[in-house]
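See below for the structure under consideration.
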Amino acid sequence: KDTEAELAVRMHWSEVIPGVFAARIFKPAFIEQLRAEIDRLSSAGIPTRRPNGMNRYGLIVSELPLSTWVDGFVAELVRPLAHSLF
């Protein structure tokens with residue numbers, strides 16, 4: 001049985017094709033700030049690693065100084081959300 005909290009979270013997601021879900025998690029202003037911070041770190045010479053050889057623009061944020069934020073984001077939002085959806 002879904003809890004009230006799970007139902008509240010699910011209402012923000014849509015299934016765009018079977019098994020693929022989409023939602024707007026971040027506000028555009030936050031995305032802009034995050035991109036600016038990543039650009040700043042990149043121009044500071046901090047080395048970055050791509051998630052795979054086919055990805056020219058992605059990077060592994062958990063390896064940057066943002067790792068504490070990423071860890072908290074995963075623990076507080078991503079993991080519970082994945083558990084709720086799957």
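The values are calculated or read from the model by the stated rules, or taken from the named source; none is laboratory data. Quick caveat: nothing in here was measured; it's all calculated off a predicted structure. FYI the Cβ positions are ideal-geometry reconstructions off the backbone, even for glycines, and counts take in every protein chain you see.
For the stretch 44-59, give me each residue that is surrounded by 13 or more Cβ atoms within 10 Å (Cβ to Cβ) and within 16 Å of the chain's Cα centre (by Cα). Spell out the reasoning first.
To start, the set of residues in the stretch 44-59 that are surrounded by 13 or more Cβ atoms within 10 Å (Cβ to Cβ) comprises 48, 59.
Passing the criteria: only L59.
Quick check: anything in the stretch 8-31 within 17 Å of S62 (Cα to Cα) and surrounded by 10 or more Cβ atoms within 10 Å (Cβ to Cβ)?
As a first pass, look at the stretch 8-31 and keep what is within 17 Å of S62 (Cα to Cα): 31.
Within this subset, residues satisfying the condition of being surrounded by 10 or more Cβ atoms within 10 Å (Cβ to Cβ) are 31.
Yes, there is a match, as at least one residue in the stretch 8-31 is within 17 Å of S62 (Cα to Cα) and surrounded by 10 or more Cβ atoms within 10 Å (Cβ to Cβ).
More than 16 Å from the chain's Cα centre (by Cα) and modelled with pLDDT of 85 or more, is that true of E15? Give the steps one after another, and end with the answer.
Working: more than 16 Å from the chain's Cα centre (by Cα): yes; modelled with pLDDT of 85 or more: yes.
When the stated conditions are applied, E15 passes them.
Please enumerate the residues belonging to the stretch 38-86 that are assigned to a helix (DSSP H, G or I), among the aliphatic types (A, V, I, L, M) and free of Cβ contacts under 8 Å to residues at least 60 places away in the same chain.
As a first pass, look at the stretch 38-86 and keep what is assigned to a helix (DSSP H, G or I): 38-43, 61-63, 67-85.
Restricting the remaining residues to those that are among the aliphatic types (A, V, I, L, M) gives 38, 41, 61, 70, 74-75, 77-78, 81-82, 85.
Result: I38, L41, V61, V70, V74, A75, L77, V78, A82.
Given (1) closer than 30 Å to T3 by Cα; (2) part of a helix (DSSP H, G or I), identify the lone condition not met by F26.
Result: F26 fails condition (2) only.
So the check is Cβ under 8 Å with 6+ separation or different chains; which pairs have a first residue in the stretch 8-21 that's free of Cβ contacts under 8 Å to residues at least 12 places away in the same chain and over 11 Å from L81 (Cα atoms) and a second one that's aliphatic (A, V, I, L, M) and in a strand (DSSP E or B)?
S14/A22; V16/A22
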